[in-house]
1. So who's got an amide H within less than 5 Å of the one on LEU48, skipping anything under 5 residues away but keeping other chains? H placed 1.01 Å off N, in plane.
2. Hey, what does the equivalent ellipsoid look like for the range 18-68, semi-axes from the Cα gyration tensor as sqrt of 5 times each eigenvalue, largest first, whole Å?
3. If the chain between ARG64 and LEU49 were fully stretched, how many nm would it gain, using 0.36 nm times the residue separation less the Cα-Cα distance?
Amino acid sequence: MALLEEAKNKFQEIIAEAGLELEEIRITAAGLSPEEAIGEPDRQNYPLLTEEEVMIEAEFQGARGQAFTDHPGEYSWDPQAGSGTTSE
């Protein structure tokens, strides 16, 4: 099984364990500028500064989290279909 598929399956398990499978879940993520993500470091070879990666910030029910990625996107859970979708 591919890593992304494993991550999706694990996320669906977490949704079920938290009792959120009947709620519509939409997690949106927006890219942060390099300055917002890491400030102004002395070194200039960070992947964020060379535009190889972006840092995204996701928000769900008022909670926020950050992650590095080279493929930013959004995730949504449809309780009627019992499945989630991603978009890039």
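1. Here GLU53 satisfy the definition.
2. On the way: eigenvalues 182, 18, 12 Å².
Output for the range 18-68: semi-axes of 30, 10, 8 Å.
3. 3.1 nm
Here, each number is a calculation from the coordinates, and none is a lab measurement. It should be emphasised that the depicted structure is a prediction, and the values quoted were computed from it without experimental measurement.
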